[in-house]
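Enquirer: Here's a structure for you.
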Amino acid sequence: MSRALCRYSKRLCRTFQLSNLCQTRLISSHINAAELRFGQPLHETHPHLLQAGEGRHHPYRREGNVPLTTYRPVTPGITALEYAQRRTKLAAQLPANAIAVVAASDVVFRTGHVFYNFHQDPDFFYLTGFNEPEALAVIGKASSNDDHVFYLYVREKDPKAEIWDGARSGTQAALDVFNADETGDISNLKRFLTPLVEDASHIYTDITSLPTPTSTFLEFLRGPSKPSPGFSELISTKKTKPLRPLLNDLRIQKSPSEIHNMRKAGQAAGRAFTSAMRHHFTRESHLDAFLAYQFRMNGCDRPAFEPVAAGGPNALSIHYVRNDSLLHAGNLVLADAGGEYAGYVSDITRTWPVDGKFTPPQRDLYDAVLTVQRSCIRECRADTHTSLELLHQKAERELKDALRQLGFDMSGNAINVLFPHHLSHYLGLDLHDCIGYSKKAKLKAGHCLTVEPGVYVPSGDERFPRRFWGMGVRIEDSVCVLDGDGDADVGNGEGGVGPLVLTAEAVKEVEDIEALR
């Protein structure tokens, strides 16, 4: 066991005595354990969300003399030990005396004082489990061994501010709950950060890589984005390198506990979709609202992204999210949505008839897409040595063959017109997880991805049969790669070595969809 884990375990035993709220435990000189309030759920405050023994049942090998309390969850399903191991793995990739610097997300405002629901930066959350804004994590690699120091700077508790914004965890919880070696009030960040930067041999961070304006309109009005001047000046004389490639390598393969959380998100969202197919909606907005409601009622924390509820020809717009049209009998409706659980997301697309019964052309096009989707899912195994890019090429070939049999002229650029998006993207703490990780990389056990072939037939293109004009069909599941061969529709999360379909509860066979009405 590394020195960092030993140090962490001893501190955990010494300071973390929150398992029984009847015991008085001072987190600060003014608050006892029975009155504890944190900036996010913990077992002691939200036992209905985090179970005390939850971490004990995950398939981890106990390391040396790590105490059982180490296995308590910090966030649902993810133990304190796992967060510590993630930081240790990152530190092992750093050169001697280097530091990695990761910032929390900031609150984003719609306008004035009206804010959006806070969503933590995935890299920061992955390393810390801390789910508040205005925080900074620094992982410092020691000079002579693989040991490291974890610094976590957060907002200090402030009774006046908490009246408005809710509880903060504060610096003492940064030590006792989130297991930082050192902490401090984020308002004094420059004082804490300056000596760490001055002593560092290298700095790994993505903080100064701010996004450029997202449109030519904003670029014209605002000019190009510039790095934060304070932090940028502080590190100007140091060797800086991007942190994302290192974190992508860690995050891309999910642990058993991460897959467990993704299975819960997929299961809840899948049930919401099946429930939606039982209803006859007359408005896209009603379907949108129903799915969001069902996600929460089935156990998700929130929707994972802005949903698509596209009736008829609206399905030909891949990212259609207006959801303001009527749904007409005789048309198909395409819904693309997902739920989030404990930070992990699911992503599902289903297409079904508004009135519950497929017409013959609708069924023909739907069956063509479903056959290709099943074929691609079966390849999502470590022993196939495939990749997202190879899977996409497979989908294109098989869609071409299936559409030719339906009378489509597939010469020239036809496949790019009918199937304009990629088959797949990685999935995890982010909808498009591990941005920048190569789609040509071979799939390994623990990779989670979407499989989403689609066909969108524009009206007026004489290369394509008229009976299909205006139809859009996409079928998407969230899938986890496991080792070896197995059933491509394993969905219960128990055993099996084939692809694990995380969203199997969302029905997709024509007969099953029609039987729901």
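Each value in this text was obtained by applying a stated rule to the coordinates, not by laboratory testing. Treat the numbers as computed from the prediction; the structure is a model and nothing was measured. Methodologically, a virtual Cβ is constructed for each residue, glycine included, from the backbone with ideal geometry; neighbour enumeration extends over all protein chains shown.
Enquirer: Let me check I've understood the local charge: for HIS422, count other residues with C-beta under 9 angstrom from its C-beta, Lys and Arg +1, Asp and Glu -1. What total comes out?
Expert: -1
Enquirer: Expressed as a whole number of Å, what is the distance separating the alpha-carbon centroids of the range 263-309 and the range 362-437?
Expert: 24 Å
Enquirer: Please sort 151-160, 134-143 by packing, taking for each peptide the average over its residues of neighbouring beta carbons within 10 angstrom, highest first.
Expert: The peptides rank, most packed first, as 134-143, 151-160.
Enquirer: Report the FRET efficiency, 1/(1 + (r/R0)^6), for ILE435 and GLN393, where r is their Cβ-Cβ distance and R0 is 25 Å, rounded to 0.05.
Expert: Computed FRET efficiency for ILE435 and GLN393 comes out at 0.70.
Enquirer: Continuing with this model, one more query. Give LYS394/LYS442; LYS141/LYS239; LYS141/LYS439 a once-over and call out the pairs whose C-alpha atoms are over 19 Å from each other. Display every interim value, and only then the final one.
Expert: Working: LYS394/LYS442 15 Å; LYS141/LYS239 15 Å; LYS141/LYS439 31 Å.
Violating the 19 Å limit, Cα to Cα: LYS141/LYS439.
Enquirer: For ARG296 and HIS421 in one chain, what is 0.36 nm times their gap in residues minus the Cα-Cα distance, to one decimal in nm?
Expert: Result for the pair: 42.1 nm of gain on full extension.
Enquirer: Determine how many Å³ per residue the convex hull of the Cα atoms of the range 104-161 encloses.
Expert: Numbers: hull volume 5.9 nm³, N = 58.
Looking at the range 104-161, the number lands at 101 Å³ per residue.
Enquirer: If you don't mind, another one. What is the Å³ per residue value for the convex hull set by the Cα atoms of the range 253-516? Don't skip to the answer; put the middle values down first.
Expert: On the way: hull volume 30.2 nm³, N = 264.
Convex hull volume per residue, Cα atoms: 114 Å³.
Enquirer: Right, another one. Could I have the simple spin-label model distance between THR208 and ASP483, label points 7 Å from Cα toward Cβ, reported in nm to one decimal?
Expert: Placing both labels 7 Å beyond Cα along the Cβ direction yields 4.3 nm.
Enquirer: Still on this model: Give me the one-decimal nm value for the distance between modelled label points at THR371 and ALA515, 7 Å along each residue's Cα-to-Cβ direction.
Expert: Distance between label points: 2.2 nm.
Enquirer: Given a Förster distance of 60 Å, report the FRET efficiency between ILE318 and ASN145 from their Cβ-Cβ distance, rounded to the nearest 0.05.
Expert: Efficiency at R0 = 60 Å is approximately 0.75.
Enquirer: Normalise the Cα radius of gyration of the range 330-472 by 2.2 N^0.38 Å (N = residues in it) and let me know the number.
Expert: Working: Rg = 16.2 Å, N = 143, 2.2 N^0.38 = 14.5 Å.
The reported ratio for this selection is 1.12.
Enquirer: Oh, and also: Measure off 7 Å from each Cα along the Cα-to-Cβ vector at ASP199 and TRP164, then give the distance between these two points in nanometres to one decimal.
Expert: Calculated label separation equals 3.6 nm.
Enquirer: Now for a separate question. Take the cross-link list LYS157/LYS241; LYS89/LYS440; LYS241/LYS264; LYS254/LYS400 and give me the ones stretching past 27 Å between alpha-carbons.
Expert: Pairs exceeding 27 Å: LYS157/LYS241; LYS241/LYS264; LYS254/LYS400.
Enquirer: To continue, here is another question. Any chance you could check the Cα centroid distance between the range 145-191 and the range 440-471 for me, in angstrom?
Expert: Computed from Cα coordinates, the inter-centre distance equals 47 Å.
Enquirer: While we're looking at this one, here's another question. For ALA92 and LYS239, FRET efficiency with R0 = 22 Å and r from the beta-carbon atoms, rounded to 0.05?
Expert: The computed FRET efficiency comes out at 0.70.
Enquirer: Kindly write out, for the range 115-130 in residue order, the coupling ³J(HN,Hα) from the Karplus curve 6.51 cos²θ - 1.76 cosθ + 1.60 (θ = phi - 60°), rounded to whole Hz, with x marking Gly and Pro.
Expert: With coefficients 6.51, -1.76 and 1.60, one gets 10, 7, 4, 5, 10, 6, 4, x, 5, 5, 5, 4, 8, 10, x, 8 Hz.
Enquirer: Report the net charge of residues surrounding ARG322, where surrounding means a beta-carbon distance below 11 angstrom and charges are Lys +1, Arg +1, Asp -1, Glu -1.
Expert: -4
Enquirer: Regarding the range 221-340, what are the three Cα extents along the principal axes, ordered largest first, in Å?
Expert: Principal-axis extents of the Cα atoms in the range 221-340, largest first: 65, 46, 22 Å.
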